[in-house]
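Please treat every number below as a calculation from the coordinates, not as lab data. Keep in mind it's a predicted model, so treat the numbers as computed, not measured. Every residue, glycine among them, receives a Cβ derived from its backbone with ideal geometry; neighbour counts consider all protein chains shown.
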Amino acid sequence: MLYFENDYDRGCHPRVLKKLCDTNLIPAAGYGDDEFSERARGYIRTACAAPEADVFFISGGTQTNALAIGGLLRPWEGVCAAASGHINVHEAGAVEFTGHKVLPLPQRQGKLCPAELRAFLESFYADPNHEHMVFPGMVYITHPTEYGTLHGLQELEEISDICKSFNIPLYMDGARLAYALAAGTDVTLPDIARLCDAFTIGGTKCGALCGEALVFPHGAPEHFLTVIKQRGALMAKGRLIGAQFEALFEDGLYFQIGRSAVELALRIKAGLLARGVELFMDSPTNQQFPVFENGLLKRLSEKVTYSFWEARGAASSVIRLAASWATKPEDVEALFKVLDNLRGEV
């Protein structure tokens, strides 16, 4: 069986595991005050060119999003997001569970349109009844998006400027940020730190066993550590995540993982196009979204794991093929061989 279902179907990168083993018997303080977490914070601050950033390590992506959004919003506020955004479609109402509404806006290839965002905010405050409504209290974006698409620097700057003009924070979900940074975008980590009020550096989907780094480049909300504790997300053995991010950032492993996966995903993309396969979205990241006839997919599933994405009419479906740190060139060639054999059977 070939595994392309997602980018977290293996444990962790061997160098991350080695770090965990090497540090295992070293006594360390709890709750993220350990030396490994502090060194990881230093590496992240340097990579982001944000020396005053507050960095917290949380176990999972959904939990991190709910904590960040719940910590930044006031009780009467909600969060603006693309209708296809992860918090709106794939987190089981985790944000709403914190007492805040997701305010979905039209998506354009998975992204918010800056002009439409501004129009929505202006129309909200122009409504004489807005005091009776959920206030748009922040903006949520993902980089890359659910469709593997990317925000360009100009787009990010426009969205950031809009947020500043309405005095609301901008939050970026970077669960797959390693792959966005490796995909030829003109957006860098320092750009993200400069333009966002909070963002995540994903670990779970980028080579870690588990864990996300939640970064507040300009300072965290007051008593945010207490908020984490109150919601059951403060790990006594915070070293577990801190040590992994130390391994990911101490010598650039995080960026190497991104480049390797993107390179192989682009090989998949080129091979699919060469075989006349339609792509649902032009993704430059580690995720590719081909369209296949349902009968072929049934036979493909006997040899290849993939994620169903959405139906494309009655007879075809969009699937996702994802590359990760564990994907090898020979896996890609084996995938092509399977596809050629299946198509030859028709």
**Request:** Specify whether the C-alpha gyration tensor of the range 63-119 places it in the rounded, prolate or oblate class, a ≥ b ≥ c being the square roots of the eigenvalues: rounded for a/c under 1.5, otherwise prolate if a/b is larger than b/c and oblate if not.
**Result:** oblate
**Request:** Once you've got the GNM for the chain with C-alpha springs shorter than 10 Å, pick whichever of Leu264, Leu253, Leu121 has the biggest mean-square fluctuation.
**Result:** Leu121
**Asked** Looking at this model, which pairs from Lys298/Lys328; Lys19/Lys337; Lys101/Lys229; Lys205/Lys237 are more than 27 angstrom apart at the alpha-carbon?
**Response** Lys19/Lys337
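Quick one: Trp76, Trp309, Trp325, fewest Cβ neighbours within 10 Å first, how do they rank?
Numbers: Trp76 12, Trp309 18, Trp325 24.
In order of increasing Cβ crowding within 10 Å: Trp76, Trp309, Trp325.
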**Prompt:** Given that compact globular proteins tend to follow 2.2 N^0.38 Å, what is the ratio of the alpha-carbon Rg of the range 104-225 to that value?
**Reply:** 1.11
**Asked** Which three lengths, in whole Å and largest first, does the range 196-262 cover when its Cα atoms are put on their principal axes?
**Response** 38, 28, 18
**Request:** Would you mind pulling out the separation of the Cα centroids of the range 280-346 and the range 89-120, in Å?
**Result:** 29 Å
**Message:** Ranking request for peptides 175-183, 99-107, 244-252, 266-274: highest mean number of other beta-carbon atoms within 10 Å first, then the rest in descending order.
**Reply:** 175-183, 244-252, 99-107, 266-274
**Request:** Let me know the shape class of the range 25-110, please: from the alpha-carbon gyration tensor, a ≥ b ≥ c as square roots of the eigenvalues, rounded when a/c is under 1.5, otherwise prolate if a/b is greater than b/c, or oblate.
**Result:** prolate
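Please state the relative contact order of the range 137-232 as a whole percent: Cα pairs under 8 Å, 6+ residues apart? Working shown, then result.
Details: 137 pairs, mean separation 24.0, N = 96.
After rounding, I find 25 percent.
Considering only the chain, what is the antiparallel percent among its DSSP beta bridges, to the nearest 5? Could you put the intermediate results ahead of the total?
Values: 22 of 38 bridges.
Expressed as a percentage, antiparallel bridges in the chain total about 60.
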**For the chain, calculated [θ]222 nm from helices alone, where every DSSP H run of n ≥ 4 adds -39500 (n - 2.57)** = -12500 deg cm²/dmol
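Can you bin the range 14-252 into rounded, prolate or oblate? Criterion: square roots of the alpha carbon gyration tensor eigenvalues sorted a ≥ b ≥ c, rounded for a/c under 1.5, prolate for a/b above b/c, oblate for the rest.
Numbers: a/c = 2.09, a/b = 1.60, b/c = 1.30.
It comes out prolate by the Cα gyration axes.
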